[in-house]
1. Nm distances between the label at B:E155 and the same-position labels in the remaining copies, 7 Å along Cα→Cβ, shortest first?
2. Scattering from the C-alpha atoms of the protein assembly as shown alone, worked out with Debye: what is log10 I(q)/I(0) at q = 0.08, 0.12, 0.13 1/Å?
3. Between the stretch A:147-202 and the stretch B:108-184, how far is it from one alpha carbon centroid to the other, in angstrom?
4. Mind checking which chain B residue has its Cβ closest to the axis relating B to A, and how many whole Å off it is?
5. Which number comes out as Rg/Rh for chain A once both Rg and the Kirkwood Rh are worked out on C-alpha atoms?
6. Looking at the stretch A:65-131, I'd like the Rg to Rh ratio, where Rg is from alpha-carbon atoms and Rh is Kirkwood's inverse mean 1/r.
7. Any chance you could check the Cα centroid distance between the stretch A:4-49 and the stretch B:61-100 for me, in angstrom?
8. Just the number: Rg to Rh for the stretch B:89-202, Cα atoms, Kirkwood Rh, two decimals.
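Here, each number is a calculation from the coordinates, and none is a lab measurement. Given the structure is predicted, the values throughout are model-derived calculations rather than measurements. Ideal geometry is used to build each Cβ from the backbone, glycine not excepted, and the neighbour counts take in all protein chains shown.
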Protein chains: 2
Amino acid sequence: MADERVIEFFFDVGSPYSYLAATQIGGIGGRTGAEVRWRPFLLGGVFKDTGNEMPARVPSKARYMLADLARWGEHYGVPIRVPPSRFPLSTLAAQRALTSVALSRPEKVPDFALGLFRAYWVDDRDVSQPDVVSDVAGACGLDGPAVLAASGQQETKDALRRWTGEAVERGAFGAPSIFVGDSLYWGNDRLDLLERNLQATA
Amino acid sequence: MADERVIEFFFDVGSPYSYLAATQIGGIGGRTGAEVRWRPFLLGGVFKDTGNEMPARVPSKARYMLADLARWGEHYGVPIRVPPSRFPLSTLAAQRALTSVALSRPEKVPDFALGLFRAYWVDDRDVSQPDVVSDVAGACGLDGPAVLAASGQQETKDALRRWTGEAVERGAFGAPSIFVGDSLYWGNDRLDLLERNLQATA
């Protein structure tokens, strides 16, 4: 059951709960001895495929989320600035860039993803813009222009589409979607449960 | 700030996460010294007023919820049988009965509510039926037929409508909705946070 020691972390930079989870998932891997695989997907594609809708569609829910996100940031001790100036925004450029790095240098994905998350959810930058994506890539020790060039290749586009479809096929309907084998955990608020279950099977 | 030591617990018997929260909320009151006020509302009315929709509307989310609810039941050590044979069902009779008891004998609401929750989420009974509601009331030491008679009075109907509107006005969009003063906590998965915040202000 090798899969039972692998945490597959499907995320989209545009999802604030994905950001919160991204700040914690490495620690869970370290404490449980599980391998974390960071897997970019496109949340808009997930919504389209499943018939789900973004939670902030309901105005009172959107207001609640602002307070809820701030509480989580405080609880984790991580910065979060909500609402960002632009929300929602297209994460296609960012998710394709992450996909191209996942294909070529997977060990760099966590740093690059955290850089993009911070750019959007802390520094309020417009991560829909390729030059911002390139800039963040550069700050992570990647070659920004090369990452952008790879992002536009058909292989990258196909991989992002395939991974999104795979997540939906396995039961995802939102973000973050975290799989351990066949078991889905949805949201940063299920990370404690995920960690308990990994400890119980260690 | 008297409000800061009162937990207002808005719930609907048809909501499985309300059931889970109902099994825990008394303990939180006891440990934090806060008073818990059990406040029936009509989740269908909340959805209608806010434009929100039931989470089980999305098939893959509904499938996930079955696993998630079972995990919570195991975590809390409380029984839960999902899915019930009938879901969703009308909780109008149950919520009106709870409202009539809240108006006449508020100290009996927790027992009656837990009885109705268990009837639906453990014993798979059809709580949309007035005779089942009456039976559960009787098992809680209430006069079942009298509760049903009071449920049909205009005062009861108006109160349930008014409380539902009040919850929506204060920011509720789903169930359970738990208020401490102006602060909303949505879902049993925010109870740990609620308890931490109450301890911090104790």
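1. 7.6
2. Here log10 of I(q) over I(0) equals -0.47, -0.97, -1.10.
3. Each part reduced to its Cα centre gives a spacing of 39 Å.
4. B:D189, 2
5. We get a ratio of 0.94 for chain A.
6. Values: Rg = 13.1 Å, Rh = 12.9 Å.
Answer for the stretch A:65-131: 1.02.
7. 28
8. 1.01
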